[in-house]
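Worksheet: one structure, shown below.
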Amino acid sequence: MKASDLFLAVAAYQQLAEVVDCPLHLGITEAGGFVGGTVKSAIGIGSLLWYGIGDTIRVSLSAEPEEEVRVGFEILKALGIRNRGVRVVSCPSCARQGFDVIRTVQALEERLQHIRTPMSLSVLGCVVNGPGEARETDIGITGGGNGKHMVYLSGVTDHHVQDADMIEHIVKLVEAKAAEIEAADQAQAA
């Protein structure tokens, strides 16, 4: 799919939405492999949803079908249309990081796939940008010195954790927070 094809698809959906009053199913076909197809789908589907066009979506990737579903949910999550699971806020790699942010985020995303309760987790490698982001999330971790990192709960500095225990510790905190939110929701519904 060429860039012009992507823009043509978006323009066609926009024109169709102006002349028909029926549900529209959005999809960018022939999007490509996992990374390229994710980007094209996010641009095409995301821009249409942003403008209020579309009722259902289908992400098409040359990847496992489960990845298509995950990308679809991430598009909806990024737009605030549907919140399910853990929204991870993380930084790029740089010289200031106190731990391997890339591998940590990968491990946490993998380990937290089972969480359906909407919540936010910040994973920031340093104390320069980390505290500000952590104040905006349910659970946060910022890199520190000597393999010791700061953990934030509900935006407030709470305790430290060592490198070796960090991933397991964050997983347990997220699972506990999910259980707490679910219990509160059930009590409120009763």
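The values are calculated or read from the model by the stated rules, or taken from the named source; none is laboratory data. No experiment lies behind these values; they were computed from the predicted model shown. Glycine gets a Cβ as well: all are built from the backbone with ideal geometry, and neighbour counts include every protein chain shown. Heads up: the accessible areas ignore ligands, DNA and RNA and are worked out on the full protein's heavy atoms, side chains in. Shrake-Rupley method; radii C 1.70, N 1.55, O 1.52, S 1.80 Å.
Data for the structure
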| read-out | value |
| --- | --- |
| Yes/no for GLU18 being at pLDDT 90 or above, out of contact with any Lys or Arg (no Cβ under 9 Å at 6 or more places or on another chain) and within 22 Å of ARG116 (Cα to Cα) | no |
| Residue count for the range 16-43, restricted to those that are open to solvent by less than 30 Å² (accessible area, probe 1.4 Å), of a type in the set (Gly, Ala, Ser) and more than 14 Å from ILE75 (Cα to Cα) | 2 |
| Which numbered condition PHE99 misses (of (1) open to solvent by 30 Å² or more (accessible area, probe 1.4 Å); (2) over 30 Å from ALA17 (Cβ atoms); (3) of a type in the set (Phe, Trp, Tyr)) | (1) |
| Elements of type strands (runs of 3 or more DSSP E) contained in the range 90-190, each with 2 or more residues being closer than 27 Å to ARG70 by Cβ | 119-124, 139-142, 148-153 |
| Within the range 132-152, tally of residues that are touching a strand residue (DSSP E or B) at 6+ places or on another chain (Cβ under 6 Å) and either within 15 Å of SER90 (Cβ to Cβ) or surrounded by 18 or more Cβ atoms within 10 Å (Cβ to Cβ) (or both) | 14 |
| Matching residues, the range 165-174, being surrounded by 14 or more Cβ atoms within 10 Å (Cβ to Cβ) and more than 14 Å from MET119 (Cα to Cα) | MET166, ILE167, HIS169 |
| Test result for VAL69, free of Cβ contacts under 8 Å to residues at least 60 places away in the same chain, open to solvent by less than 20 Å² (accessible area, probe 1.4 Å) and not small (Gly, Ala, Ser) | no |
| Matching residues, the range 15-66, being acidic (Asp, Glu), more than 19 Å from ILE81 (Cβ to Cβ) and over 19 Å from the mean Cα position of the chain (by Cα) | GLU18, ASP21, GLU30 |
| Residue match in the range 42-57 (condition: closer than 24 Å to LEU112 by Cα, modelled with pLDDT of 90 or more, out of contact with any Leu (no Cβ under 7 Å at 6 or more places or on another chain) and of a type outside the set (Val, Ile, Thr)) | yes |
| Residue satisfying condition, being small (Gly, Ala, Ser) and open to solvent by 50 Å² or more (accessible area, probe 1.4 Å), within set SER62, SER47 | SER62 |
| Residue match in the range 175-182 (condition: open to solvent by less than 50 Å² (accessible area, probe 1.4 Å) and under 22 Å from CYS94 (Cβ atoms)) | no |
